[in-house]
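All remarks here apply to the structure that follows.
Each reported figure results from applying straightforward, stated rules to the coordinates on display, with no laboratory input. Since the model is a prediction, treat every value here as computed from it, not as a measurement. Using ideal geometry, Cβ is built from the backbone for each residue, glycine included, and neighbour counts are taken over all protein chains shown.
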Amino acid sequence: MHPAGLFITFEGIDGAGKSTHIAALAEAFRDAGRHLTLTREPGGTPLAEKLRELVLNDAMDPLCEALLMFAARRDHLQQVIEPALARGDVVLCDRFTDATFAYQGGGRGFDLTVLRQLEQWVQALPDAAGLRQPDLTVWFDLPPEVAAQRLAGARVPDRFEAQPAAFFERVAAGYAQRFGEAPARFVRVPSNQSKEAVWQAVRTAFEQRGWLRAAETRA
Ligand code: TYD
């Protein structure tokens, strides 16, 4: 018998500081003896990584962009996420469908009805068993102007990072809307505070669900 798989996703606008906390959480789960699958979207399989290159760098219209995000997601679910969950892994995935609703829906203003339809097709489980959704989504909620300051000059921006401030305002609103539609699936972590305070909030959310033991000393 292996433990039940766990599907955890991480969301937030660019600059919100996801990567550090994903790495820390991976270590905490390893310490707890769990097998991990660490992955990201768009990407996570050879095909999806090719689609990532295209979607982050080549000009295209919003429908094309949304279709490629979901095409990459379909391959990722089939090749990596579902097999890992079946093995009992903890799957830590840097972004998932909430990012499509926030960036393509909010940021680009693309039709949410179409995104919902794509979500239904791509995340359908076999035998009409419903939709694959994360067991928990950690949303690093950061005011867009703070994220912009953090990102300024940090690296060569991709097609999304190069967008103006108004785009990130809409992305942030897109995340807030998604959160409002399914608050039980999310933990919202206010991220305009020290890295240590953000990490404590993340760690506590996992302890409260019984997924990690309470740390004796907190970093
Ligand atoms: P990101 O996690 O920021 O990668 P990195 O830290 O390496 O830059 O993700 C890449 C970008 O892809 C990010 O700007 C958000 C965008 N994105 C979408 O627009 N839609 C999606 O569905 C996903 C998963 C990501």
Size-normalised alpha-carbon gyration radius of the range 6-216, reference 2.2 N^0.38 Å: 0.99
Gaussian network model of the chain, Cα within-10 Å springs - most flexible of Gln133, Gln208, Gln123: Gln208
Contact order relative to length of the range 6-216, as percent, for alpha carbon pairs under 8 angstrom and 6 or more apart: 30 percent
The range 1-85: C-alpha gyration tensor shape, a/c 1.5 cut-off, then a/b vs b/c: oblate
Ser19, Ser191 arranged by Cβ crowding within 10 Å, fewest neighbours leading: Ser19, Ser191
Approximate spin-label separation Glu207-Ala173, in nm, with each point projected 7 Å along Cα-to-Cβ: 3.8 nm
Whole-Hz couplings from phi, Karplus 6.51/-1.76/1.60, listed for the range 87-94; x for Gly and Pro: 6, x, 6, 8, 9, 9, 10, 6
Furthest towards positive pole of dipole, Phe206, Leu136, Gly15, structure part the range 6-216, Cβ charges: Phe206
Nearest-20 debye value, the chain charge dipole, Cβ charges on Lys, Arg, Asp, Glu: 380 debye
Computed [θ] at 222 nm, deg cm²/dmol, the chain (DSSP H ≥ 4; -39,500 (n - 2.57); rounded to nearest 500): -14000 deg cm²/dmol
J(HN,Hα) series, the range 61-73, from Karplus relation 6.51 cos²θ - 1.76 cosθ + 1.60, nearest Hz, glycine and proline x: 7, x, 5, 4, 4, 5, 5, 5, 4, 6, 5, 4, 5
Approximate spin-label separation Met1-Lys195, in nm, with each point projected 7 Å along Cα-to-Cβ: 4.0 nm
